[in-house]
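The values are calculated or read from the model by the stated rules, or taken from the named source; none is laboratory data. Fair warning: this is a prediction, and the values are worked out from it, not measured in the lab. Note that we place each Cβ from the backbone using ideal geometry, even for glycine, and neighbour counts take in every protein chain shown. When the accessible area is computed, the model is the full protein with side chains, heavy atoms only, and any ligands, DNA or RNA have been set aside. Shrake-Rupley method; radii C 1.70, N 1.55, O 1.52, S 1.80 Å.
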Amino acid sequence: QVQLVESGGGLVQPGGSLRLSCAASADIFSVYAMGWYRQTPGKQRELVAAFTSGGITNYADSVKGRFTISRDNTKNTVLLQMNSLKPEDTAVYFCNAHYYHYNYWGQGTQVTVSS
């Protein structure tokens, strides 16, 4: 069973920063394309940032210049550094790993941006 373990969510004031982490097993981390999505009540889950299978990074327009996705190959972890957070970034953030028709999700971590 594939496990994606997320951490790092929480409450932050507008303009603040958070870093999310997603840990995967070595075989998943080395093969699967991984990324971050987010979802708010009543809306579809949307891409935040992700690596393609070729290692290229994709970002949602709304987070470009503020969020950075990276990989820590020593810990089999994908990181999402979120800076200059806005109230509209409030959502549950999900880690994703996919490879062809295989698609897995983490349990989600809440990010709340509020004063």
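Scan region 90-111 and tell me whether some residue there is touching a His at 6+ places or on another chain (Cβ under 9 Å), of a type outside the set (Asp, Glu) and open to solvent by 30 Å² or more (accessible area, probe 1.4 Å).
Yes: one or more hits.
Of everything in region 27-47, what is under 14 Å from the mean Cα position of the chain (by Cα), open to solvent by 50 Å² or more (accessible area, probe 1.4 Å) and modelled with pLDDT under 95? Give them in sequence order.
none
Among the residues of region 68-78, which ones are out of contact with any helix residue (DSSP H, G or I) (no Cβ under 9 Å at 6 or more places or on another chain) and surrounded by 18 or more Cβ atoms within 10 Å (Cβ to Cβ)?
Within region 68-78, just 69 meets the criteria.
State whether one or more residues within region 40-52 are within 16 Å of residue 86 (Cα to Cα) and either part of a loop (DSSP other than H, G, I, E, B) or in contact with a Pro (Cβ under 9 Å, 6 or more places away or on another chain) (or both).
yes
Going by the conditions given, is residue 21 open to solvent by 20 Å² or more (accessible area, probe 1.4 Å), more than 16 Å from residue 105 (Cα to Cα) and of a type in the set (Gly, Ala, Ser)?
In short, no.
Kindly check whether there is at least one residue in region 13-27 that is under 19 Å from residue 101 (Cα atoms) and in contact with a His (Cβ under 9 Å, 6 or more places away or on another chain).
no
Does region 48-63 hold any residues that are within 14 Å of the chain's Cα centre (by Cα) and open to solvent by less than 60 Å² (accessible area, probe 1.4 Å), and which are they?
48, 49, 50, 51, 52, 57, 59, 60, 63
Picking from 65, 42, 35, which residue would you name as being touching a residue at least 24 places away in the same chain (Cβ under 8 Å) and either farther than 17 Å from residue 3 by Cα or not hydroxyl-bearing (Ser, Thr, Tyr) (or both)?
Answer to the selection: 35.
Name the residue, out of 114, 21, 70, that is in contact with a Gly (Cβ under 6 Å, 6 or more places away or on another chain) and among the polar types (S, T, N, Q).
Of the residues listed, the single one that is in contact with a Gly (Cβ under 6 Å, 6 or more places away or on another chain) and among the polar types (S, T, N, Q) is 21.
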